[in-house]
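The values are calculated or read from the model by the stated rules, or taken from the named source; none is laboratory data. Here the structure is a predicted model, which is why all the values come from computation and not from measurement. Please note: Cβ atoms are built from the backbone with ideal geometry, for glycine as well, and neighbour counts cover all protein chains shown.
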Amino acid sequence: MLQDPVRSEELVVGDVVSAGDGFVGRTPWQLFWRRFKRDRVALAGGIIIICLIAIAILAPLIAKLVGHGPNELFDSATNEFGLPIGPSSKFWFGADRPGRDVFVRTIYGARTSLTVAFVATGLATLIGVTLGVVAGYFKGVTDTIISRFIDMILSLPLLLFALGISAACSISKTGCLAGLIRPGLRLVVSVIALFTWPYIARIVRGQVLSLREREFIEASRSMGAGGLRIMRAEILPNLAAPIIVYTTLIIPSNILFEAALSFLGVGIPQTTPSWGRMLADASNSQLFTYAWWMMLFPGLFLLMTTLAFNLVGDGLRDALDPRTGGDI
Amino acid sequence: MERYRRSLGLLCLGSILLVVAAACTKSTGGGGGNTTSAAPTKGGTYRSATSSFGFVGAFDPVGEYTAVGFEYYQMLLRTLLNYKGVAGADGLTPQPDLATDLGQVSSDGLTYTYHLKSGIKFGPPVNRDITSQDIKYAFERIDSKPLVAQYGFYYDGVIEGMAAHDGPPKDISGIETPDPQTIVFHLTTPTSDFPARLSLAATAPVPQEVAKCFTKPAGGYGNDIISSGPYMIQGADNVDISSCKSIKPMSGYDPTAHLILVRNPNWDQSTDTLRKAYVDGLNMSIDSNVDDIFNKISQGSLDGSFYEIPPPTVLQKYATSSSLKQYMHIDPQNTTYYITMNLIVPPFDDVHVRKAVNWIIDKAAIQKAWGGPATGTIAGHIMPPSMAALGPDYNPYGTPGDHGDLAKAQAEMKQSKYDPGHTGKCTDPVCSNVILLNRNISPWTDAEPSIVADLAKIGINVEARELESGAAYQTIDSVKDGSQIGIAMNPRWGADYGDPNTFAQPLFSSQAIIPVGTSNYSLVGLTQEQATKFGVTYPSGGVPSADSQINACLPKTGADRQTCFQDFDKYLMEQVVPWVPMFWANQVTITSPTVTAWSFDQFSGFIALQNIAVSNKVAP
């Protein structure tokens, strides 16, 4: 991570400090960006992610262009035995058993995965950073409580819990907590956020523990700054880099977590396309031995997405850490 | 650079995994076999596999209430009356089994007397003659609540002195055993389908000296069933019944692995006109991979399937091949698959809404999702063709191509109080968040999108909830406020025996409504008192009842009874409208060329294990 802590005032991109002849100083962010640009693979990952976001946003438009909705059923897409047709001029990625367009559903599946990626992970980050900073800064009893809490959640069997909660909240009409927890994307996002914030909290807490001993924090304190101000203005900015990196690296496992939950049939109703659910439908009675397209396309997209986030996360980490090799 | 190698590595791994996945997919080899027109061969084993036994009563005959359980019992147990194990109406007509004839009925219809054939013995390790007292003991077990009988309602209140009680089996005043070969039943009221109730496995003779050891937990006797039929559970002869403590489960039955039946040495073919018992035994193993089961059948390592619906790829393979077609056996069961609507949950408490739903559902799409016409006939009314057959012409909500009719559905919806603006769609807020209950396995999940889309056409926006089969049933069979589901597509109902009342009382009578475990999911006939007692809201408009119609039919016999129940079906479809019947199921069984004699057991709705023959020479 950043070796030399910087003060918040210096984090302005574009500040070029000229000092004498020939030397061009650059802000840490500019340095980071140059390093990141050099990493071709990470850039490729970044472009893939941008494309995916574009596809997700434009999904309804694409569906309109193709002429098939994500939940529209086509009798012509299945034969008399209910078996779907493969990739054709009308159905680019083929159809599935109820007769839906796999291409359109794959595009819409990007929405689900990206929602999980950004919303669930965002929530996890929010909770994790808050609790991590509080634990690391205040130490003592607060730290102990929060740390034990983190340990507890980290030791829970994720999948079993998620399955249990989803199953228990599926039975009644209102779900759990008076309608707050109902099967669907909301439940999946909540479960994922609830179980992954400890990772971030732990890392943040470790960073804060070392940061708070620095001289500039002492200086702030001696100038009369309260705990909250120090956390907000001094500590948080220095955490920006690790937060960004670890958040990006957690996204792939969250996406796969949602895919796993959907694969196991808990959480998202069929009307919200999800790559995990599409993979499950394909493996029902080994349908993919006949309808290979039902498995190939969602699988490929899932692979591409997680790979892209992994590459970008790796690239971010390398670019933000001046210690790892490579020239500027 | 190191990073490139890492990414390359990731890419390679990904592609390798894809390739491995593709390579691991088995290709189903088509196998053309020799046509088998040979005479039935004796011996060999029927080797089959199933994804799970699916027992609801742990295989103890007193409470096992599944059709698959009933079919296994056709090999293991004998009852006073039983069936020939053939297809069609002939397979639903009770025949004497342990009894010498169909019994004598008194003129007032209240006393039934049966004489037992002589020389029928229990299998090892009991090895003694079966007596009327053993049959009576089976009835005593039914009334012992700790043993959890599941169809006691066929006997409680019907046979004098029979009522469920806490505590161990005790004497029943209405069943007399004047001598070991005679049994007399005293009824409280004439019940013309009573003889058929004596064909159910819970009434098969049970040796008290063994069963008395199984009081807790319920179902324990299922591990040590003593045979009265042509076959016994493998390992039965090794069980030590000298004391309760010494009894160990028979090795041939492992609920998670297999059920192996071998010949019962004490079975005398001359006393049994109903069972051919060609095979030397049955080997039913558990294989959770359904596709694997059908692969093995086409390769010949299994002789045939059991209850699993063949996946559509298998259906297509066999139906389109002239050489394989003969190995696909399609027989109608006595089963209706249906969508049930709860009469007390808005908007389904309005008959116009229920009728609109009947008009809009695309039944042809549902049939396709199941695998096409081989899997069943689209249902136009409630009772399947084998029961009080109204015939395919009676289809009050029939639509062109069975695709549903939007205009008719809208016309019906416009008359509903939930469509005050007469738009043809439900506009009441209560329609915006209805839960549709479903099973979480194929093909139910494949039929779901069609039903969801159909309901949306008339303004009912459902959120589908998919649950495991048992959990889905438990959700709709309990009558508790707050957990009432408005509409569910998971249930199917099969007749317990060949009388149309099996499609009436348990499904639509108010006395069938119990707080937990009811089969009257629609709550037809729910009374105000029941609603208060069970804690559910009684709708202001009341709940339609079918009690008087059912009670009018019960005392009738013969052709009158048939006509009465046909009218009852019409009354349900036109006035009460509790269901949308989807289709009447066929059982599709795939066999391999090793099966030399095939028979379908209409009673259970599956292959007649007691009457098939195989050419393999394998020991069980």
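Screening B:M328 against (1) under 29 Å from B:V86 (Cα atoms); (2) away from chain A (no Cβ under 14 Å) leaves a single unmet condition, (2). Inspect the stretch A:194-207 for any residue being touching a residue at least 60 places away in the same chain (Cβ under 8 Å) and small (G, A, S) and give the result as yes or no. Yes: the stretch A:194-207 contains one or more residues that are touching a residue at least 60 places away in the same chain (Cβ under 8 Å) and small (G, A, S).
Which strands (runs of 3 or more DSSP E) does the stretch B:231-298 wholly contain that include 1 or more residues that are β-branched (V, I, T) and under 26 Å from B:K212 (Cβ atoms)? Working first, answer last.
Values: elements: B:231-233, B:258-263, B:281-286.
In the stretch B:231-298, B:231-233, B:258-263 are the strands (runs of 3 or more DSSP E) which contain 1 or more residues that are β-branched (V, I, T) and under 26 Å from B:K212 (Cβ atoms).
Looking at A:Y108, is it surrounded by 17 or more Cβ atoms within 10 Å (Cβ to Cβ), of a type in the set (S, T, Y) and either at positive phi or modelled with pLDDT under 90 (or both)? Considered against the rule, which asks whether it is surrounded by 17 or more Cβ atoms within 10 Å (Cβ to Cβ), of a type in the set (S, T, Y) and either at positive phi or modelled with pLDDT under 90 (or both), A:Y108 comes out as no.
Could you grab me the full set of residues in the stretch A:292-301 that are at the interface with another protein chain (Cβ under 10 Å from one of its Cβ atoms) and either among the polar types (S, T, N, Q) or touching a helix residue (DSSP H, G or I) at 6+ places or on another chain (Cβ under 7 Å) (or both)? It would help to see each step written out before you state the result.
Just the residues of the stretch A:292-301 that are at the interface with another protein chain (Cβ under 10 Å from one of its Cβ atoms), to begin with: A:292, A:295-296, A:299-300.
Across the stretch A:292-301, the qualifying residues are A:M295, A:G299.
Can you pull out the residues in the stretch B:89-122 that are part of a helix (DSSP H, G or I) and either surrounded by 18 or more Cβ atoms within 10 Å (Cβ to Cβ) or on the phi > 0 side of the Ramachandran plot (or both)?
Let us first name the residues in the stretch B:89-122 that are part of a helix (DSSP H, G or I), namely B:89-92.
B:G91, B:L92, listed by residue number.
Set side by side, the residues B:D224, B:D237 differ, and just one is in contact with a Lys or Arg (Cβ under 9 Å, 6 or more places away or on another chain) and among the acidic types (D, E), which is B:D224.
Between B:P555, B:P593, B:P539, B:P544, the distinction of being at pLDDT below 90, part of a loop (DSSP other than H, G, I, E, B) and not hydrophobic (A, V, I, L, M, F, W, C) belongs to B:P555 only. The set of residues in the stretch A:128-152 being modelled with pLDDT of 90 or more, surrounded by fewer than 17 Cβ atoms within 10 Å (Cβ to Cβ) and of a type in the set (A, V, I, L, M, F, W, C) consists of A:V141, A:I145, A:F149, A:M152. The residues in the stretch B:349-372 that are within 14 Å of chain A (Cβ to nearest Cβ), of a type outside the set (D, E, K, R), out of contact with any helix residue (DSSP H, G or I) (no Cβ under 6 Å at 6 or more places or on another chain) and part of a helix (DSSP H, G or I) can be counted, and the count is 2.
Confirm whether B:Y83 is farther than 17 Å from B:I135 by Cβ and of a type in the set (F, W, Y).
Here the answer is yes, as B:Y83 does meet what is asked.
Only one entry of B:I458, B:I435 meets the criterion of being modelled with pLDDT of 95 or more and among the aliphatic types (A, V, I, L, M), and that entry is B:I458. All conditions in (1) buried (at least 22 other Cβ atoms within 10 Å of the Cβ); (2) away from every other protein chain (no Cβ under 11 Å); (3) closer than 19 Å to B:I451 by Cα hold for B:P346, with the sole exception of (1).
Residue-level check: of (1) of a type outside the set (A, V, I, L, M, F, W, C); (2) touching a Ser or Thr at 6+ places or on another chain (Cβ under 7 Å); (3) without any contact (Cβ under 8 Å) to a residue 60 or more places away in the chain; (4) in a helix (DSSP H, G or I), B:T532 misses just (2).
Scanning the stretch B:97-122 for residues that are among the charged types (D, E, K, R) and more than 17 Å from B:T189 (Cα to Cα) returns B:D97, B:D101, B:K117, B:K121. Which of the residues spanning the stretch A:241-252 are surrounded by fewer than 19 Cβ atoms within 10 Å (Cβ to Cβ) and either without any contact (Cβ under 8 Å) to a residue 12 or more places away in the chain or within 14 Å of another protein chain (Cβ to nearest Cβ) (or both)? Residue satisfying the conditions is A:L249 alone. Find the residue count for the stretch B:558-582, including only residues that are closer than 20 Å to B:P396 by Cβ and assigned to a helix (DSSP H, G or I). Within the stretch B:558-582, residues that are closer than 20 Å to B:P396 by Cβ and assigned to a helix (DSSP H, G or I) number 15. Quick check: is even one residue across the stretch B:242-263 crowded, with 20+ Cβ neighbours inside 10 Å, of a type in the set (D, E) and over 30 Å from B:D560 (Cα atoms)? No: the stretch B:242-263 contains no residue that is crowded, with 20+ Cβ neighbours inside 10 Å, of a type in the set (D, E) and over 30 Å from B:D560 (Cα atoms). Taken together, the criteria exclude B:V430 from residues that are within 12 Å of chain A (Cβ to nearest Cβ) and buried (at least 22 other Cβ atoms within 10 Å of the Cβ). Of all residues in the stretch B:493-514, which are in contact with a Gly (Cβ under 9 Å, 6 or more places away or on another chain), more than 16 Å from B:I382 (Cα to Cα) and in a loop (DSSP other than H, G, I, E, B)? Within the stretch B:493-514, just B:I513 meets the criteria.
Give me the residue from the stretch A:264-277 that is under 26 Å from A:P60 (Cβ atoms) and within 12 Å of another protein chain (Cβ to nearest Cβ) and, out of that set, surrounded by the most Cβ atoms within 10 Å (Cβ to Cβ). Before the answer, list the steps.
First, the residues of the stretch A:264-277 that are under 26 Å from A:P60 (Cβ atoms): A:267-277.
Next, only the ones that are within 12 Å of another protein chain (Cβ to nearest Cβ) stay: A:267-273, A:277.
Working: A:G267: 29, A:I268: 23, A:P269: 19, A:Q270: 22, A:T271: 17, A:T272: 20, A:P273: 25, A:R277: 26.
Once the filter is applied, the top-ranked residue is A:G267.
Among residues of the stretch B:168-225 being among the β-branched types (V, I, T) and more than 30 Å from B:R561 (Cβ to Cβ), the one that is modelled with the lowest pLDDT is B:T215. Residues in the stretch B:373-394 that are surrounded by 23 or more Cβ atoms within 10 Å (Cβ to Cβ) and among the small types (G, A, S) were compared, and the one that is nearest to the other protein chains (Cβ to nearest Cβ) is B:G376.
Among residues of the stretch B:145-162 that are touching a residue at least 12 places away in the same chain (Cβ under 8 Å) and more than 19 Å from B:L110 (Cα to Cα), none has a Cβ under 7 angstrom from a residue that is among the aromatic types (F, W, Y) and surrounded by 24 or more Cβ atoms within 10 Å (Cβ to Cβ) at a sequence gap of 6+ or on a separate chain.
For B:S301, the criteria (1) within 25 Å of the chain's Cα centre (by Cα); (2) of a type in the set (S, T, Y); (3) more than 14 Å from chain A (Cβ to nearest Cβ) hold in every case but one, which is (1).
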